[in-house]
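The values are calculated or read from the model by the stated rules, or taken from the named source; none is laboratory data. The structure displayed is predicted, hence computed values, not measured ones. Here Cβ is always computed from backbone atoms with ideal geometry, including for glycine, and neighbour counts include all displayed protein chains.
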Amino acid sequence: MSGAGALLLKIDEHRVAAWTAALADALPDMPIRIWPDIEDPNEIRYALLWKPSATLFEGLESLEVIFSVGAGFDHLLACPTLPAGIPVVRMVEPELTAGMAEYVVFNVLRYHRRMDQYQHFQRQGVWQVLDQIPAHDTTVGIMGLGVMGVASARVLACMNYRLLGWSRTRKTIPGLQSFVGTEELGQFLAQTRILVILLPLSRDTRKLIDRDVLRQLPRGAFLINAGRGELVNQPDLIEALDSGQIAGAALDVFDDEPLPSEHRFWRHPTVALTPHIASLTNPPTAVEFVAENIERHRAGHPLRYVVDFERGY
Ligand code: NAP
Ligand code: GLV
């Protein structure tokens, strides 16, 4: 067994070359194994994974740290062989964060500047001008004020939107009114015109956005979900879209991915969907984060961004 151990990479096939090149740059002395070619399982000390297969962890007795390729780690929790007691580190890297802020701003603008309606007018051959509402009269409510939510809020604040945020603990963020917990959820929802969902999936947040939550938004509100599909009760959202309670939804994440071809979201007139691309982890900057954490681990320092299983994220 090599003294430093090896790193096991499991990633979508079309991204393997970019990741192995980046890892070779950032960790030149680290042997890299590409799943399923593990070679000697006893060598594997670190694993950098996206959607591991059910049996991936079997026999990895020397594993010391598990890195998620994504900010979300629900794909790891879903793996039945995930070993207990080994730290799981979620991905925090600048390009993943920047990409999410871009996605959120793009979709806030879609609804604030009524691009969804202009697209509809174009298809009908209609030349029609709608009122332009100032950004400061448009309230954007962000659920989840972690790395992704705060980065998005910062850009939206520069654009003068009226900002609300909802999280588990109180925040002090310039230009944003902070709401906390189930007690303040109603107040937050009642004022939100464009709801941005950037929560992690946990036992507390699964299907949190249901009929009851959706009906607390003002009629004709918009929804942007870039967190996880299972945060939202899909049938309840379809009902709200059909009734006009929700005037439009930008959806990037779904219960089942790829979204089945017969799913109503594909052809729903007020849904704008993307195939889980709100933001993609950028290998060169991501491996810097991984390499820094490996260095910390080897030096006996605490790892950064370890998942708190008790808290659920
Ligand atoms: P994070 O830094 O862990 O932030 C999570 C936020 O959610 C925190 O503000 C936390 O509140 C809040 N929260 C968690 N549970 C809550 C609850 N029960 N009630 C109220 N607030 C709660 O996570 P992140 O890095 O921002 O990422 C968020 C999620 O975005 C990821 O888990 C992933 O699912 C998703 N994502 C999607 C894409 C994509 O391409 N679609 C890309 C990247 C990430 P506190 O601050 O009070 O702890
Ligand atoms: C993508 O969905 C991520 O969690 O980074």
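Considering only the stretch 275-301, state which residues are within 24 Å of the chain's Cα centre (by Cα) and at positive phi.
Scanning the stretch 275-301 gives a single hit, His276.
If His120 meets every condition in (1) in contact with a helix residue (DSSP H, G or I) (Cβ under 9 Å, 6 or more places away or on another chain); (2) touching a residue at least 40 places away in the same chain (Cβ under 8 Å) apart from one, which number is that one?
For His120, the failing item is (1).
Report whether or not Phe188 is buried (at least 20 other Cβ atoms within 10 Å of the Cβ), in contact with a Phe, Trp or Tyr (Cβ under 7 Å, 6 or more places away or on another chain) and in a helix (DSSP H, G or I).
So Phe188 fits the description; yes.
From the list Ile86, Ile142, Ile133, which one is farther than 19 Å from Pro200 by Cα and touching a helix residue (DSSP H, G or I) at 6+ places or on another chain (Cβ under 8 Å)?
Ile133
Would you confirm, using the coordinates I've provided, whether Asp37 is out of contact with any strand residue (DSSP E or B) (no Cβ under 7 Å at 6 or more places or on another chain) and within 16 Å of ligand 1 (Cβ to nearest atom)?
Answer is no for this residue.
May I ask you to verify whether Val290 is hydrophobic (A, V, I, L, M, F, W, C), crowded, with 18+ Cβ neighbours inside 10 Å and assigned to a helix (DSSP H, G or I)?
In short, yes.
Residues checked against (1) in a helix (DSSP H, G or I); (2) surrounded by 15 or more Cβ atoms within 10 Å (Cβ to Cβ):
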{"residue": "Phe222", "(1), (2)": "no, yes"}
{"residue": "Gly227", "(1), (2)": "no, yes"}
{"residue": "Glu230", "(1), (2)": "yes, yes"}
{"residue": "Pro235", "(1), (2)": "yes, no"}
{"residue": "Ala240", "(1), (2)": "yes, yes"}
{"residue": "Gly248", "(1), (2)": "no, yes"}
{"residue": "Phe254", "(1), (2)": "no, yes"}
{"residue": "Glu257", "(1), (2)": "no, no"}
{"residue": "Ser261", "(1), (2)": "no, no"}
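With the condition being at pLDDT 95 or above and not charged (D, E, K, R), I'd like the strands (runs of 3 or more DSSP E) fully within the stretch 1-49 carrying at least 3 qualifying residues.
6-10, 44-49
State the number of residues belonging to the stretch 293-313 that are assigned to a loop (DSSP other than H, G, I, E, B) and surrounded by 15 or more Cβ atoms within 10 Å (Cβ to Cβ).
5
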